[in-house]
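*Asks:* The structure's right below; bear with me while I get my questions together.
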Amino acid sequence: MQRASAFDCALRVLALRDHSETELRRKLKAKGYDEPEITGSVVRLQELGYLDDSRFARSFAESSIRNGRGYGARLKQELARRGVAGAIVQATLAELCEEFEETGVLAGTIERRYPGFDPAIATDKEKRRIVAYLQRKGFTLGAILAALKTQSIY
């Protein structure tokens, strides 16, 4: 049985979900394709518009913000881990931070994750746990503390 080309394999991978160039290269390398074949496939996919790190970064970051998986520093770290260039990450996050204001996303995350949370009656331990969770999600400490101060009783 003949093995599919790196290009065909890459198309099947991209049909499932969008990938960054680095992610796609890693997957093709793991499947045993050699570097010249991988490079040729990646160049062709970019020419056809099937592989675009800017589109991937925007899609990934927007999905993460909407689904409460991260914001700010967390997204920067995740995109860098996926091999997206720093300039693309900065441009994407700057654009999305204008579209999705941190305070609004933060309030939505608190409401979704901790419904009915009232910082006025919460113990210090509960507050520390929530602050740590929100910091891991990439929110700034200043925004978290401001949100907890203005949080009203439900």
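*Asks:* Per q in 0.16, 0.19, 0.26 1/Å, what log10 I(q)/I(0) does a Debye calculation on the alpha-carbon atoms of segment 27-74 return?
*Replies:* Normalising to I(0) and taking log10 leaves -0.63, -0.74, -0.88.
*Asks:* Calculate the spin-label point distance for ALA85 paired with GLU98, positioning each point 7 Å from the Cα along the beta-carbon direction, and give it in nanometres.
*Replies:* 2.1 nm
*Asks:* Which three extents, in whole angstrom, do the alpha-carbon atoms of the chain cover along their principal axes, largest first?
*Replies:* So the extents along the principal axes, rounded to whole Å, are 67, 31, 20.
*Asks:* Can I ask one more? In whole percent, what relative contact order does the chain give with Cα contacts below 8 Å and a gap of six or more residues?
*Replies:* The value is 22 percent.
*Asks:* Okay, next question. Nothing charged except the Cβ atoms of Lys and Arg (+1) and of Asp and Glu (-1): what's the magnitude of the dipole of segment 1-137 about its Cα centre? Round to the nearest 20 debye.
*Replies:* Magnitude of the dipole: close to 720 debye.
*Asks:* Let me ask something else. Which length gain, in nm to one decimal place, applies between LYS127 and ALA146 when the Cα-Cα distance is subtracted from 0.36 nm times their residue separation?
*Replies:* 5.6 nm
*Asks:* For an R0 of 25 angstrom, estimate the FRET efficiency from the Cβ-Cβ distance between SER5 and ASP52 and round to the nearest 0.05.
*Replies:* So the FRET efficiency works out to roughly 0.75.
*Asks:* Let me ask something else about it. Based only on Cα atoms, what mean projected area does the convex hull of segment 102-150 have, in nm²?
*Replies:* The Cα convex hull of segment 102-150, projected and averaged over all directions, gives 3.0 nm².
Here, each number is a calculation from the coordinates, and none is a lab measurement. This structure is a prediction, so every number in the text was calculated from the model and none was measured. With ideal geometry, Cβ positions are generated from the backbone for all residues, glycine too; neighbour counts draw on all protein chains shown.
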